[in-house]
Amino acid sequence: MPKEYPRTRRVAEQIRRDLADLIQFEVKDPGVRFVTLTGVEVTPDYAHARVYYTTLAGFEAGAGIDSALKRASGFLRSQLGHRLKLRVIPELHFIYDTSVERGVHLAKLIDQAVGTAATAPPEQ
């Protein structure tokens with residue numbers, strides 16, 4: 001596992017905040033609505049950034065949103081260049097984050113297990 005540097009983490013968090021602001025207020029494409037950015041990972045040389053996102057629409061709408069984000073990536077990158085004082089502005093790679101859906105699914109399974117344990121007769 002590569003070593004992570006504090007500056008890289010700060011830059012990644014700033015990119016996440018700026019992208020969230022840009023997507024909410026500047027991007028006019030309706031295909032990008034209801035996108036929540038869950039995290040950003042930046043390479044140590046700042047050449048590439050993996051931007052993890054999730055949507056309220058779920059995984060089924062992810063393909064349309066993914067293509068809309070790819071269309072808007074040039075605009076987003078240029079706007080990041082105006083906001084960030086970096087020599088290299090990273091190329092943006094958008095990846096759908098399934099961790100929220102997995103968490104909800106696991107919570108349902110736990111609730112079902114607890115519910116069946118509560119209704120089962122006590123063993124003697």
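A few points about this structure:
- Highest-MSF residue in the chain out of ALA47, ALA63, ALA107 [GNM, Cα springs under 10 Å]: ALA107
- In this simple spin-label approximation, THR38 and ALA57 carry label points 7 Å from Cα along the Cα→Cβ vector, and these lie 1.8 nm apart.
- Distances between placed amide hydrogens fall under 5 Å for PHE94 paired with VAL51, all partners being 5 or more residues away or on another chain.
- Derived scalar couplings ³J(HN,Hα) [segment 50-56; Karplus, 6.51 cos²θ - 1.76 cosθ + 1.60; whole Hz; x for Gly, Pro]: 8, 10, 8, 9, 9, 9, 6
- Remark: segment 1-43 carries a charge dipole of roughly 160 debye about the Cα centre, counting +1 on each Lys and Arg Cβ and -1 on each Asp and Glu Cβ.
- In a reduced charge model with +1 at each Lys and Arg Cβ and -1 at each Asp and Glu Cβ, the chain shows a dipole moment near 660 debye about its Cα centre.
- Multiplying the residue separation of HIS48 and PHE25 by 0.36 nm and subtracting their alpha-carbon distance yields 5.9 nm.
- Selected from LEU86, ALA68, LEU109, residue furthest toward positive end of dipole (segment 65-114; charges at beta carbon): LEU86
- The chain - Debye-derived log10 I(q)/I(0), Cα point model, q = 0.10, 0.13, 0.15, 0.16 Å⁻¹: -0.41, -0.59, -0.72, -0.79
- Here is how the number arises for the chain: DSSP H runs of 4 or more residues each give -39500 (n - 2.57), the sum is divided by the residue count, and the result at 222 nm is -17500 deg cm²/dmol.
- A full extension of the chain between LEU84 and THR116 corresponds to an added length of 6.2 nm, given 0.36 nm per residue minus the alpha carbon distance.
- Sequence-distant aspartates and glutamates (8 or more away, or on other chains) whose Cα lies within less than 14 Å of LYS70: ASP29, GLU91
Read-outs: derived from the displayed coordinates by stated rules, not from any lab. Here the structure is a predicted model, which means the values were calculated and not measured. Neighbour counts are summed over all protein chains in view; Cβ atoms, including those assigned to glycine, are modelled from backbone coordinates with ideal geometry.
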